[in-house]
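The structure appears below as structure tokens.
The values are calculated or read from the model by the stated rules, or taken from the named source; none is laboratory data. Since the model is a prediction, treat every value here as computed from it, not as a measurement. Counting neighbours? That spans all protein chains shown, and the Cβs are built from the backbone with ideal geometry, glycine included. We work out accessible area using only protein heavy atoms, side chains counted, and drop any ligands, DNA or RNA first. Shrake-Rupley method; radii C 1.70, N 1.55, O 1.52, S 1.80 Å.
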Amino acid sequence: MDTRKKIGIRDVAKAAGVSVATVSRVLAKAEYPVSEEARQRVLVTAEALGYVPNLLAKTFATSRTDTIGVAMPVLNAYYAKMLAGIEGEATKAGLSILLTIVGASDERREKAIDQFLARQLDGMIICSGAKDGPLRRTPDQLGIPAVIVGQQPNTGYITVTVDNRRASYEATDHLVSRGNRHIIFLTSNNEWPDFRDRLAGFQERLAEGEGATGEVIEGVFDEAQAYRAVTKLVAEKTTATAILAATDRQALGAMAALADAGLRVPSDMAVVGFDNYHTSEFVRPSLTSVDMPADAMGAKAVELVCMAKTAGADQMASVVLEPRLFIRQSSGSFDNAALLAQSVKSLPSA
């Protein structure tokens, strides 16, 4: 049994030779005036004794936990990047995060929200997934700031999103401008708003003419399914000269299928993906991809939660971030030497 005594503020006050009130004010960073000499003595003593603040007591005293809840559907590369943005911005704001992975279950998401409310957190960030249904409560019913990262069927919530329609339009335009006249669009489930918007952008650009046509293949969720779909296309002697994949995972599976079929990327088939995974720059040929700024989305969500705590939700507005197309070898735009030089230059120094 651990018999070590827990150090409290009274112990710190006694060792530092100051009052309990002074210790409380210093550790709480209160505006009440305390001499610099006393403040330093309290801080040094607290660290020497190994004092750890009682967060529960602080919550009762201040009605703040300095913690925001984060609910994510999964923790893959995309959401890990988003989490890094959330964590970085929260740290700058002096906040901690409580992360819950809820899968594709609306019920688990709602239970996570219940937990955030029960713990009296200062706010929450809900990261949308592919199969999310509408949230069961309105923002007013939650009673704490809530920001949705991604699209959500509910009205009234502040959201942080990316212009997926424009991103797909520009990716398609990139392929059309390089002479491709039959383009395959690989996607998973167009019921997800982001994928639906990517399909809409693809179709919008093709509708503008120049003789380009498109073919949509749904139900492709990962590398293996993309590999099988493209292998089948090759066997059927497709006339397509380009593939726009709704994710980099699908694009990489497509590139593997083309390589195994003896086709060259991009001379036989150009390939463009979405998400700009950190590995996409280093496969060969390197993958042209639309960067979806997941880290910036996460950071902006924390910023909005903080704004709501001080200015109120009525002072906030939803944010739409702009995507960026990183043009690389898979669409026929970079030579190897130039890409390698760029890659090496971007590496951190030892």
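Of everything listed in (1) closer than 18 Å to K309 by Cβ; (2) modelled with pLDDT of 90 or more; (3) of a type in the set (A, V, I, L, M, F, W, C); (4) surrounded by fewer than 17 Cβ atoms within 10 Å (Cβ to Cβ), the single unmet condition for L95 is (4).
Within the stretch 251-259, at least one residue is touching an Asp or Glu at 6+ places or on another chain (Cβ under 6 Å), outside the structural domain of A84 (by TED's automatic domain parsing) and over 24 Å from V149 (Cα atoms). If you go through the stretch 158-182 and pick out every residue that is assigned to a helix (DSSP H, G or I), of a type in the set (V, I, T) and buried (at least 22 other Cβ atoms within 10 Å of the Cβ), you end up with 1. Condition check for R64 on (1) open to solvent by less than 90 Å² (accessible area, probe 1.4 Å); (2) at pLDDT below 70; (3) in contact with a helix residue (DSSP H, G or I) (Cβ under 8 Å, 6 or more places away or on another chain): one failure, at (1).
Filtered by the rule that a residue be more than 13 Å from A245 (Cα to Cα), part of a loop (DSSP other than H, G, I, E, B) and without any contact (Cβ under 8 Å) to a residue 60 or more places away in the chain, the stretch 191-222 gives A207, E208, G209, E210, G211, A212. Please note which strands (runs of 3 or more DSSP E) are completely contained in the stretch 230-328 and include at least 1 residues that are open to solvent by 60 Å² or more (accessible area, probe 1.4 Å). Correct list: 319-321, 324-326. For the residues L75, L135, L83, the requirement of being open to solvent by 30 Å² or more (accessible area, probe 1.4 Å) and either over 21 Å from L304 (Cα atoms) or not in a helix (DSSP H, G or I) (or both) singles out L75.
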